[in-house]
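Structure first, then comments.
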Amino acid sequence: MSERRVVVLGGGIGGIVAARTLRKRVPEDVRVLLVDRDQSYTFAPSLLWLMTGDREPGQISRGRERLARKGIELVTGEAQGLDPGRRMVRVDGRDIAYERLVIALGAQPAPELMPGLREGAIDLYTTEGALAAGSALREFVGGRVVILVARLPYKCPAAPNEAAFLAESILRRRGVRAKVALYTPEPYPMPTAGEAMGKALAGMLGERGIELHAQQVVEEVDAGNKQLVLQSGERAGYDLLLAIPPHRTAGVVRISGLANESGFIPADPATLATWADGVYAIGDVAQIPIAGGKFLPKAGVFAKAQARVVASRIADELRHREPLATFDGKGSCFVDMGDGVAAFATGEFYAEDAPTVSLRRPSRRWHLSKVAFEKYWLARWA
Ligand SMILES: Cc1cc2nc3c(=O)[nH]c(=O)nc-3n(C[C@H](O)[C@H](O)[C@H](O)COP(=O)(O)OP(=O)(O)OC[C@H]3O[C@@H](n4cnc5c(N)ncnc54)[C@H](O)[C@@H]3O)c2cc1C
């Protein structure tokens, strides 16, 4: 190979941090390429603030030009093929050789995987959907608003709860007679964080009058009759349906030979290495086993930390040093609740028997911290 290249596939949270850290740490003669199908990037943790009307799309998205100014080579195109044997990726019909590869292609909402979802629901996980949800809540005249977790796994276990809290807050402030209900296949909210955390969150939902329907598997949406069709055969009505659709990985991941039957890529919990030499998987695309037969939740906080670990390991490998950086499974997240308050959860997900997670009570401080983190991220990284 005449030119030395590290290729990062996917320019979201994990990919941006990986590319920027790599550019600082790998030898200068090694090119760092960042591949993404989109020219701009949206900070997903702020999507629900489009719903509340606290943000405009332009405030939470950025072009990727700034990354080019940092010496990262941007390739805008669709990753279509991956050949770990030949150390080659295919982007828009062009083959690109790599010495090391970081796969950070995330997981995308795929409403088409649930019959009737596209017709009957608004997708909360896109810019257009979050804006449409905001309009629908501001025009809502009364009745039942259902937040639906369609399938597992999905990214950001806090988000459905946040959506429920924020929707309830909007409707209460408008003085509309409405009931907010959350349907999820999970046994309780944020189950990876353990039962105590789930119960605490369930209690907080209850305090706000939000109905929690846990362990409810929805088979399809009967959009004509505005009903969820549950696996049990029962039906549940709604007047407005806001959904976290089923997720799946990019086609290139599913056909790569790196993914298992789930469509996600098994990765080493400490190093994020895949079975293929020189190939790492980070963030939502990775499937990482933790205690209790569970998997690490899909969240930006982990994607970012993993990106730093992988960039550091690659830099050491390319400098012929022993790579020592490892991912420790620690992470935290805010749960925005509307009314200017948020809760804060922090945990160790690699603890031996089960993750240890603690939840700080809702306060204005956590909400302001969430806003500060958004500002920091958009200024520092994007
Ligand atoms: C509403 C919402 C709220 C959230 N809140 C939080 C939060 O508070 N805290 C938190 O930690 N996490 C949160 N998350 C989750 C967080 O956004 C994700 O976990 C994180 O973005 C994962 O990073 P990633 O790099 O793995 O993937 P992504 O950030 O999704 O990036 C993947 C990139 O790959 C690109 N791509 C995909 N396929 C292709 C292809 N074939 N060719 C080229 N490019 C491709 C995409 O365009 C995208 O830019 C939230 C998510 C949502 C939707």
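Just a few scattered comments:
- Restricting G329, G347, G340 to those that are farther than 29 Å from V6 by Cα, under 19 Å from the mean Cα position of the chain (by Cα) and either modelled with pLDDT of 95 or more or crowded, with 16+ Cβ neighbours inside 10 Å (or both) reduces the list to G347.
- F302 fulfils the conditions (1) part of a loop (DSSP other than H, G, I, E, B); (2) in contact with a Gly (Cβ under 8 Å, 6 or more places away or on another chain); (3) under 27 Å from L22 (Cα atoms) except for a single criterion, (1).
- Residues that are farther than 23 Å from L105 by Cα, of a type in the set (D, E, K, R) and in contact with a helix residue (DSSP H, G or I) (Cβ under 8 Å, 6 or more places away or on another chain), drawn from the range 143-185: E162, R174
- Some residue of the range 224-243 being in a helix (DSSP H, G or I) and either out of contact with any helix residue (DSSP H, G or I) (no Cβ under 8 Å at 6 or more places or on another chain) or surrounded by 15 or more Cβ atoms within 10 Å (Cβ to Cβ) (or both): no
Rundown of residues vs (1) closer than 19 Å to W377 by Cα; (2) crowded, with 21+ Cβ neighbours inside 10 Å; (3) in contact with a helix residue (DSSP H, G or I) (Cβ under 9 Å, 6 or more places away or on another chain), yes/no style:
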site	(1), (2), (3)
R4	no, no, yes
V8	no, yes, yes
R20	yes, yes, yes
K24	yes, no, yes
Y41	yes, yes, yes
V91	no, yes, no
I103	no, yes, yes
G106	yes, yes, yes
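- Identity of the residue in the range 360-369, in contact (Cβ under 8 Å) with a residue 24 or more places away in the chain and surrounded by fewer than 19 Cβ atoms within 10 Å (Cβ to Cβ), that ends up farthest from the chain's Cα centre (by Cα): R364
- Scanning the range 251-268 for residues that are away from the ligand (no atom under 16 Å from the Cβ) and under 16 Å from Y350 (Cβ atoms) yields a total of 1.
- Cross-chain or 6+ apart pairs with Cβ under 9 Å, the range 221-242 first and of a type in the set (S, T, N, Q) and modelled with pLDDT of 95 or more, then open to solvent by 60 Å² or more (accessible area, probe 1.4 Å) and not in a loop (DSSP other than H, G, I, E, B): N225/R235; Q227/R235; Q231/E219
- Candidates G263, G292, filtered to the one that is part of a loop (DSSP other than H, G, I, E, B) and in contact (Cβ under 8 Å) with a residue 12 or more places away in the chain: G263
Residue by residue, here is whether (1) at positive phi; (2) touching a His at 6+ places or on another chain (Cβ under 7 Å); (3) without any contact (Cβ under 8 Å) to a residue 24 or more places away in the chain holds:
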| residue | (1), (2), (3) |
| --- | --- |
| V102 | no, no, no |
| G106 | yes, no, no |
| A150 | no, no, no |
| Y154 | no, yes, no |
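- Restricting the range 301-326 to residues that are away from the ligand (no atom under 11 Å from the Cβ), in contact (Cβ under 8 Å) with a residue 40 or more places away in the chain and not charged (D, E, K, R), the residue that is most open to solvent (accessible area, probe 1.4 Å): T326
- Of everything in the range 60-70 that is open to solvent by 40 Å² or more (accessible area, probe 1.4 Å) and touching a residue at least 24 places away in the same chain (Cβ under 8 Å), the residue that is nearest to the ligand (Cβ to nearest atom) is R62.
- Among the conditions (1) open to solvent by less than 10 Å² (accessible area, probe 1.4 Å); (2) without any contact (Cβ under 8 Å) to a residue 60 or more places away in the chain; (3) of a type in the set (A, V, I, L, M), V75 misses just one, which is (1).
- Given (1) modelled with pLDDT under 95; (2) surrounded by 21 or more Cβ atoms within 10 Å (Cβ to Cβ), index of the condition W381 fails: (2)
- Among the numbered conditions (1) within 8 Å of the ligand (Cβ to nearest atom); (2) under 16 Å from the mean Cα position of the chain (by Cα), the only one that V35 does not meet is (2).
- In the condition set (1) more than 12 Å from the ligand (Cβ to nearest atom); (2) under 18 Å from L9 (Cβ atoms), R90 is compliant with all but (1).
- Complete set of residues in the range 38-59 that are away from the ligand (no atom under 11 Å from the Cβ) and of a type in the set (S, T, Y): T52
The values are calculated or read from the model by the stated rules, or taken from the named source; none is laboratory data. Only a predicted model underlies this, so the values are computations on that prediction, with no experimental measurement involved. FYI the Cβ positions are ideal-geometry reconstructions off the backbone, even for glycines, and counts take in every protein chain you see. When the accessible area is computed, the model is the full protein with side chains, heavy atoms only, and any ligands, DNA or RNA have been set aside. Shrake-Rupley method; radii C 1.70, N 1.55, O 1.52, S 1.80 Å.
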